[in-house]
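**Q** One structure, pasted below without further comment.
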Amino acid sequence: MASALTLKNNYRCFQSLHQFYSGGPYAVSSDASFLVCACDDTINIIDSSNAAIKSTIQGDSEPVTALLLSPDDNFLFSASHTRQIRVWDLSSLKCLRSWKGHEGPVMGMACHASGGLLATAGADKKVQVWDVDGGFCTHYFKGHKGVVTSIIFHPDPNRLLLFSGGDDATVRVWNLTNKKCVATLEKHQSTVTSMAISEDGWTLLTAGRDKVVNIWNLHDYSCLTTVPTYEALEAVCSFDSASPFASCLSSFTQKHGKKKISSSSIQFITVGERGIVRIWNSDGAVLLFEQKSSDLTVSSDKEEVRRGFTSAMMLPLGQGLLCATADQQFLIYDLEKDADHSLNLVLRKRLIGYNEEIADMKFLGEEEKFLAVATSVEQVRVYDLASMSCSYVLTGHTDVVLCLDTCVPSSGNTLIVTGSKDNTVRLWESHSRRCIGVGIGHTGAVGAVAFSKKNRNFFVSGSSDRTLKVWSLDGISDDIEEVSSLKAKAVVAAHDKDINSVAIAPNDSLVCSGSQDRTACIWRLPDLVSVVVLKGHKRGIWSVEFSPVDQCVITASGDKTIKIWAISDGSCLKTFEGHTSSVIRASFVTRGTQFVSCGADGLVKLWTVKTNECLATYDQHEDKIWALAIGKQTEMLATGGGDAVINLWHDSTAADKEEALRKEEEGVLRGQELENAVFDADYTRAIRLAFELRRPHKLFELFSELGRRTDANVEIEKALTPLGKEELHLLLEYIREWNTKPKLCHIAQSVLCHVFSILPPTEIVEMKGMGEVLEGLIPYSQRHFSRIDRLERSTYLLDYTLTGMSVIEPERKETESRRRQAGEEEEEEEEEEERSAEQEKMEAKDRSRKKRKSHKSQDRKQKKTKVAYISGSACINTGPLCGTLSSLPPPKTVCVMDAGGRLGSALLHRLLHTGYTVHAALHNPEELVQCYTSEKKQLRLRVFQADPLDYHSIMDALKGCSALFYSFELPSDHPTYDELMGELEVRAAHNVLEACAQTESIDKVIFTSSATAIIWRDTQPDALSSQSHVDERNWSDVNFCKKFKLWHGASKTVAEKTAWALAMDRGVNMVSINGGLLMCPDLSIKDPYLLGAAEMYRDGVFVTVDLKFLVDAHICVFEDSSSYGRYLCFNRIINSTKDVLKLATRLLPSSSSPHSHPQMSSSMEGDNRVYQQRLSNDKLSKLMIHFQSGVQVEWEAESPLPQALLNH
């Protein structure tokens, strides 16, 4: 009985072959374990064992021209067309230093054996030597008359010689000690491409494109001999006596009775345009060995398909010869002896750096350990799937191979059939790696081939000549050395356009062909008789395949659909849609119950036939997927396409199921551990487990439990401290969600407070994605803060109400202490209060409903009375109100700086009469002391001499203060703004905020700035009308201000930004007020704010503010705990001609005012233009809705500012 069929749910890409080398420079590590290759503008580090990309270094968008590894393989040197020389640390892949040295691209580099010196050869005809650690030039050599192409140091560290060769056909020897050219070697007639030094260090080999190798004596720099090679050379390599190459050559000469190789002779290897390796002996210029054949040399007259070597080098530790080819391949050769004692150069490994566009591929053999790939070259490359290296290539076609198919006949040898643009089909035997048959007959490119599935004795080909041919394999033998000619058994003109795909039925009775004419035709074999035509696709058909179990065919088309057809009548059974571009391949898996498709959208899709469902989609390619191969035994997938990437996929359904079960079991066990930790009250471990299990609800419950404990703060910090940054980011995301719900916000705010205490805000902001989290946290946190603040204020009314009802006793500690100090009798006071309390209790029991209503009315009055700011000295000791006010906390101590300015003196006067204790900080304290001599004690005024540029004087003034009102006004000796004054204001702002951060008692800073820090920006006049309103969120453009000498705006902007930066960094609670032009009695036309007034007027941003309103705004912002950020402060805007006339009359003397010139005045009054107001102070207006200034108005009328202060 057959086992139940298990459908596949998922494939997983487990191995990939990417492009890693695009030609040009490369470097090999000292142990040959990895290569560093240039791939366009990037640098790839490649594992030499399997061609896997270990890491990638991003370049500078220009092609790399030179690469070099340091002797210890710790550093990589690179250069590109940008002329930048960079030093990379290979452990961290970071650029340690870079510099620009040459005036043209760097063409080659060499490193001294010590690793401390780097020599570079440039296209600017210069040679330079650099200190690696310092990045500075130590030697600068000029002398070449052309591009310097190659450069090497002498291998002996004690001989400081440098050799350079160029396209001027010369080699120059440079002495690093005396910094001179000691010799110029002129024997070449063309570009010198390569140089090598013998093992003893006294012989120099130079090779060039003039087809010779010159051997030089380094004692006197004479030419010993010239070896003609008869090919343009790209590399010359010498090898030492301990090399396997040397031992093989020595035994070879002894066995064959040839002249023994002398110890003084030098053996060297040359490679070049012919694509073969040759070994020479310097004595007599004897050719010791020549490679018999190479797949790089193509038997074609076409110049473009001729390939050769571009460079070569001996690998360290006797690991062979590495050759780089013009088609981006790395070939590693070993020299070995055959059974007949002849020498043979064995290709040990082939690494393909670039496959170009992959057209088709198939698995080889029964075990499917190899993959045959047809790319945009005339060769077929066969890859070993274990190492992902190219095992061998099949060479024979003279044009690009378009398609291929494989089979294993009864003989057991794997056969490969290929179709090419050269209009031929070729049959290959994989074991001998040779072509055993050629089929000629098509008149167009062969784009599709398919082997027989059952008998495996024929194959079918389809061509762009619109014909199908059946080719017989009868008479083809694997033992015959000669290439046989294949014969066509049947031919039919099948379609009206190119044939893209052919497929043969499992029983070899039918063949199906798909064409660009939008039809698929089914033919009966072997005579190719038409059976049925499948019509229904709207674009050309790219792929056809028979079902392995049912009488149906699947087709993939350029119309983005896949269809399944019945063979019996040609009807369409199912249509599958899902690809976003042409579907290029579709093949059955899982015994025909599922299929896999790929297309021009770069997607691979897995489908179930019965349900029409796409189970999975994979996006591992960046271009069209042209090739899809499916293993018959393992059903492993291989995909390749226009991005030159080969991906291998295996069925991961069972592994995914096991993984899911394992995770479920692990989740159950971890969940039990979590419950045990909660039961044991081990909250630190429980929180860590909740994080690992991603259980935010359980995490919230744990924090709630911790919040109920007496040691909650210690436990929460203990639980949060071990968390990493990723876990803290996840916690903040959870807090953001909790914070949106009123029931959960208290825990969220508590945990958030502990997070900020563990990590500084600077580190939190640097976390990836933290901006989005904070955007969700801040608005809800502000809402919660405002709500709590309102509740706290409401408690004051409740306290007063309960005190008035004698439910609770008022606090009398301060009152009693003051009475003791004044010598009042405490016993009489207490007796009176006890009698009044008993009387109130008796009256409360007998009160009626009407009297309860009167008490409610009285409570409301008392609430209003309590909110008002009245000093203790102004309180009249009558009624219950006096008792309440006497129980209020003592007034706060605040600092005003600069108290001698217009705003500072007004603020000082208001705060003193409101009941605050004030520290007045100013430059000249004598004048202020004289003004308040009689009232100093009563108004609680302390005067300090403070300079904003003197940090210590600021600290003295701030001691004991809970808040600071800071404003900067010009000194009398420097009444105008300039660049120097702007720097002084910035320094002052920095010192003041730093002093506030160091003063523990400071709770709030009110920073006075200007509207000019908001309004100045470089905007086009046409766009002003469409631009949105300007408010506190805008900043002035400092560069714009400096450009037009708007020093007031530039200074205020930079100073405020400096203050905000320091406040956020030091955690200072700061609020800034950006006021308009201050309308004070001494306002003049020379006020620095008025520079640019005409532009402000036209832009609708010219605003003014009264001194009283500005003071009110400062007091309101200070006393309202919900205030935050910046507040734009003004109460009048100058946007009409009438406003301008009023302002001009106030600013100018009577002789210069517009009213003194009737013509000017009448013309301006006739101008009724009104510019649109673009400034908005809605934020401040909302804050001041509930601000009551009535009490202050009364004392302002009774106690005006001292005249001495008004003069400031």
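**Q** Relative contact order of segment 63-148: what whole-number percent is it, with Cα pairs under 8 angstrom and at least 6 residues apart?
**A** 20
**Q** So, for segment 540-592, what is the accessible surface per residue at a probe of 1.4 Å, expressed in square angstrom?
**A** 36
**Q** Please report, largest first and rounded to whole Å, the three semi-axes of the ellipsoid equivalent to segment 365-471, where each semi-axis is the square root of five times an eigenvalue of the C-alpha gyration tensor.
**A** Value: 22, 17, 11 Å, ordered largest first.
**Q** Another question, then. If R₀ is 25 angstrom, what is the calculated FRET efficiency for the pair Met1064 and Ile1185, using the beta carbon separation as r and rounding to 0.05?
**A** Here the calculated transfer efficiency is 0.35.
**Q** Mind ranking Cys13, Cys996 by accessible surface for me, highest first, 1.4 Å probe?
**A** The ranking, largest first, comes out as Cys13, Cys996.
**Q** Arrange the residues Ile152, Ile53, Ile764 by how much accessible surface each exposes, largest first, with a 1.4 angstrom probe.
**A** If we order Ile152, Ile53, Ile764 from most to least accessible, we get Ile53, Ile152, Ile764.
**Q** Among 1047-1057, 235-245, how do they line up from the highest to the lowest mean number of other beta-carbon atoms within 10 Å?
**A** Going from most to least packed, we get 1047-1057, 235-245.
**Q** Right, something else. Exactly which trypsin sites (Lys or Arg not before Pro) in segment 692-787 are in a DSSP loop and have at most 14 other Cβ atoms within 10 Å?
**A** The qualifying sites are Arg694, Arg708, Arg709, Lys743, Lys768.
**Q** Separate question: From the backbone phi of segment 21-31, what are the Karplus-calculated ³J(HN,Hα) couplings (6.51 cos²θ - 1.76 cosθ + 1.60, θ = phi - 60°) in whole Hz, Gly and Pro given as x?
**A** 8, 10, x, x, x, 7, 8, 10, 5, 5, 10
**Q** Where q = 0.23, 0.31 Å⁻¹, what log10 of I(q)/I(0) comes from the Debye formula for segment 587-639, counting one point per Cα?
**A** Treating every Cα as an identical point scatterer, log10 I(q)/I(0) equals -0.89, -1.25.
**Q** How much accessible surface area, in Å² rounded to 10, belongs to the heavy atoms of Trp130 with a 1.4 Å probe?
**A** Result for Trp130: roughly 20 Å² accessible.
**Q** How much accessible surface area, in Å² rounded to 10, belongs to the heavy atoms of Leu903 with a 1.4 Å probe?
**A** Counting only protein heavy atoms, the figure is 10 Å².
**Q** Same structure, new question: Which order do you get for Met1184, Met770 if you rank them by accessible area with a 1.4 Å probe, largest at the top?
**A** From most accessible down to least: Met1184, Met770.
**Q** Hey, can you grab everything whose amide H is under 5 Å from the amide H of Ala169? Only 5+ residues off in sequence or another chain; H modelled, so Pro and N-termini drop out.
**A** Val192
**Q** Leaving out ligands and nucleic acids, note down the accessible area per residue over segment 43-151 with a 1.4 angstrom probe, in whole Å².
**A** 40
**Q** Give me the net charge of Asp1065's neighbourhood, meaning all other residues with Cβ under 14 Å from the Cβ of Asp1065; Lys, Arg count +1, Asp, Glu -1.
**A** Net charge around Asp1065: -1.
**Q** Can you tally the lysine pairs in segment 29-162 where the Cα-Cα distance is under 28 Å and the two residues are eight or more apart, or on different chains?
**A** Going through segment 29-162 pair by pair, I get 9.
**Q** 5 Å is the cut-off here: which amide hydrogens, built 1.01 Å from N in the peptide plane, fall below it relative to Gly108, excluding neighbours closer than 5 in sequence?
**A** Correct list: Ala121.
**Q** Determine the gain in length on full extension of the stretch Gln945-Glu481; use 0.36 nm per residue of separation and subtract their C-alpha separation, reporting nm with one decimal.
**A** Length gained between Gln945 and Glu481: 156.1 nm.
**Q** Taking amide hydrogens as modeled 1.01 Å from N in the peptide plane, which residues meet the under 5 Å criterion relative to Lys349, leaving out close sequence neighbours?
**A** Result for Lys349 returns Ile332.
**Q** Quick one: grab the alpha carbon gyration tensor of segment 1015-1119, order the square roots of its eigenvalues as a ≥ b ≥ c, and give me rounded if a/c is under 1.5, else prolate or oblate depending on whether a/b is larger than b/c.
**A** Here segment 1015-1119 falls in the oblate category.
**Q** Follow-up question, since we're still on this one. Taking 56 Å as R0, compute the FRET efficiency from the Cβ-Cβ separation of Lys94 and Met805 and round it to 0.05.
**A** Between Lys94 and Met805 the formula returns 0.15.
**Q** Using 16 Å as the cut-off for backbone N distance, which residues of segment 548-587 belong to the label zone defined by a point 7 Å from the Cα of Leu5 along Cα→Cβ?
**A** Output list for this probe position: 548-554, 564-565, 574, 587.
**Q** Then there's this: Go through segment 372-387 residue by residue and turn each phi into a ³J(HN,Hα) via Karplus (6.51, -1.76, 1.60, θ = phi - 60°); whole Hz please, and just put x for glycine and proline.
**A** 3J(HN,Hα) across segment 372-387, in whole Hz: 8, 10, 9, 10, 7, 10, 8, 9, 10, 9, 10, 9, 7, 5, 6, 10.
**Q** Could you compute the net charge surrounding Lys574? Neighbours are other residues with a C-beta less than 13 Å from the C-beta of Lys574; K and R count +1, D and E count -1.
**A** Surrounding charge for Lys574 is -1.
**Q** Here's something else I'd like to know. Given a 1.4 Å probe and every protein chain left where it sits, what share in percent of the accessible area of segment 396-460 is carbon and sulfur?
**A** Heavy-atom surface of segment 396-460 belonging to carbon and sulfur, 1.4 Å probe: 45 percent.
**Q** Now for a separate question. Enumerate the calculated ³J(HN,Hα) couplings along segment 431-440 in order (Karplus 6.51 cos²θ - 1.76 cosθ + 1.60, θ = phi - 60°), each rounded to whole Hz, writing x wherever the residue is Gly or Pro.
**A** In residue order, the calculated couplings are 5, 7, 6, 9, 7, 10, x, 10, x, 10 Hz.
**Q** Which value, in Å² and to the nearest 10, is the accessible area of Val87 when all protein chains are kept and the probe is 1.4 Å?
**A** 0
The values are calculated or read from the model by the stated rules, or taken from the named source; none is laboratory data. All figures in this text were calculated on a predicted structure; none of them were measured in a lab. Every residue, glycine as well, gets a Cβ built from its backbone with ideal geometry; the counts of neighbours run over all protein chains shown. When the accessible area is computed, the model is the full protein with side chains, heavy atoms only, and any ligands, DNA or RNA have been set aside. Shrake-Rupley method; radii C 1.70, N 1.55, O 1.52, S 1.80 Å.
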